[in-house]
Amino acid sequence: MKKECSSNFVLHAKSKQFYWEGNGQLSIKTFTNGNAHYKTNKGFFAVEENRYLLLNKGPYTISIDEDNVIESFCIFFKEGLAEEVFRNINESTMILLSDPFKEIDSIGFFEKTYNTDLILSSQIKTIKDNITFFENDPLWLDEQFFKLMQTMLFEHINTLQEAESILAIKRSTREELYRRISIAHDYIRAFYNHPIKLQDIAQVACLSPNHLLRNYSRIYGKTPHEHISEFRILKSKQLLSKIEFNITDITYELGFSNPASFSKMFKQHVGISPLQFRNKK
């Protein structure tokens, strides 16, 4: 992973087990056929298929430990690219012509996992499908990175608008609180299949439990407990569709202490028992 700080590049690999720690530049991480787990000095992230993780420049660790082969496709951006593209979409043509190389303040993206929308997915697929053919064509590569960064910046602007829903006088306070609530959300996504206490989530987010609950619901429209239940239901439905997993396996895979607790929760949310759901399939 030793690349020049000033270069755009892609890492494409396949592995069942992998671990790395060190410093990385601004990047997005995508995975197919399983999950990868990241840890930064801010929080924990599980990167699922159809989602991507955005990390700013800095230290992190990644670990993969799966029974099947996981495909990773991670895109790294040269220093200053985000600021350059942001200026081009944010300032007038007259200003860009009069001072085309003016420096602007560094952009601090919200470090979290995002849904991969159709535009971003298409752009990543274009790079992935053609990277080998165009690997010696720097112009084509630069164009793809510019397009991708523009999409990321539009998403960043949308996220800033979402942060405005938080009740705080200062914009900087709203953005910091949004970052901490996002850390809580990604912690839940990463560990929903483990016993989690409200205090655990609050501690990771560096917020009091009451402050966390009030603002988490304002941003996501659900409480942490409701989100954990939602993720467990979604995962249980996936596992119930695979005959190699029995109810006991699924119970412990989802972090329940016994099958009765799992069955009760499942029926409460789905309306039928896990066995009835499986037999319907």
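Every number here is computed from the coordinates shown, using simple stated rules; none is lab data. This is a predicted model, so every value here is computed, not measured. A quick note on method: Cβ atoms are made from the backbone with ideal geometry, for glycine too, and the neighbour counts reach across all protein chains shown.
The table below gives the values:
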{"quantity": "Per-residue ³J(HN,Hα) for segment 29-38, Karplus 6.51 cos²θ - 1.76 cosθ + 1.60, θ = phi - 60°, Hz, x for Gly and Pro", "calculated": "10, 10, 9, 10, 6, x, 10, 10, 10, 10"}
{"quantity": "Burial order of peptide ranges 179-188, 164-173 (average beta-carbon count within 10 Å, highest first)", "calculated": "179-188, 164-173"}
{"quantity": "For residue 24, residues with placed amide H under 5 Å, excluding near neighbours", "calculated": "58, 60"}
{"quantity": "Hz values of 3J(HN,Hα) by residue in segment 75-89 - Karplus curve (6.51, -1.76, 1.60), Gly and Pro given as x", "calculated": "10, 10, 10, 5, 5, x, 5, 4, 5, 5, 5, 4, 5, 6, 9"}
{"quantity": "Ranked packing of 146-155, 60-69, most packed first, by mean Cβ within 10 Å", "calculated": "146-155, 60-69"}
{"quantity": "Residues 19, 216 arranged by fewest to most Cβ contacts within 10 Å", "calculated": "19, 216"}
{"quantity": "Helix-only mean residue ellipticity at 222 nm for the chain, each DSSP H run of n ≥ 4 adding -39500 (n - 2.57), per residue, nearest 500", "calculated": "-15500 deg cm²/dmol"}
{"quantity": "Electrostatic dipole magnitude of the chain [Cβ: Lys, Arg +1; Asp, Glu -1; Cα centre; debye, to 20]", "calculated": "1320 debye"}
{"quantity": "Rounded, prolate or oblate (a/c below 1.5 giving rounded, otherwise prolate when a/b exceeds b/c) for segment 100-213 by Cα gyration tensor", "calculated": "oblate"}
{"quantity": "Straight-distance crosslink candidates among lysines, where the alpha carbon sits under 23 Å from residue 170 and sequence neighbours closer than 8 are dropped", "calculated": "42, 112"}
{"quantity": "Dipole of segment 52-211, positive direction: furthest Cα of 107, 173, 61, with charges on the beta-carbon", "calculated": "173"}
{"quantity": "Structure-derived volume of the Cα convex hull per residue in Å³: which label, when the choices are (1) 131; (2) 156; (3) 115", "calculated": "(2)"}
{"quantity": "Angle between the chain longest axis and helix 209-220 axis [Cα atoms, degrees, rounded to 10]", "calculated": "70 degrees"}
